[in-house]
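Have a look at the structure below before the remarks.
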Amino acid sequence: MIAKSLFQWEMPNLPEDLSFFKQGKVWLATSSHEKQCFIFPENETEASKIMGIEGLRVEELDD
């Protein structure tokens, strides 16, 4: 199976709720069935680059 979205990674065909780590810390985490993705940028420069991705819908969460 080929997934065309992070949210298409669902059991039983693919592992669900992918997470990516950067230097031992969660950098991106998904909840496939909720269609949510959380990104934890390391700094403001990285956050600005992410916010600048065309077509990406972003909602900032309170700490």
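The values are calculated or read from the model by the stated rules, or taken from the named source; none is laboratory data. Remember, it's a predicted structure, so these values are computed and weren't measured experimentally. Just so you know, the surface numbers come from the protein's heavy atoms only, side chains and all, with ligands and any DNA or RNA stripped out. Shrake-Rupley method; radii C 1.70, N 1.55, O 1.52, S 1.80 Å.
Miscellaneous remarks
- Evaluated at q = 0.18, 0.22, 0.28 Å⁻¹, a Debye calculation over the C-alpha positions of the chain (equal weights, vacuum) places log10 I(q)/I(0) at -0.76, -1.04, -1.28.
- Computed lengthening from LYS4 to LYS49, 0.36 nm per intervening residue step minus Cα-Cα distance: 14.0 nm
- Calculated accessible area for the chain comes out at 88 Å² per residue, all protein chains present (probe 1.4 Å; ligands, DNA, RNA ignored).
- Partner aspartates and glutamates whose Cα lies under 12 Å from the Cα of LYS22, excluding those fewer than 8 positions away in the same chain, are identified as GLU42.
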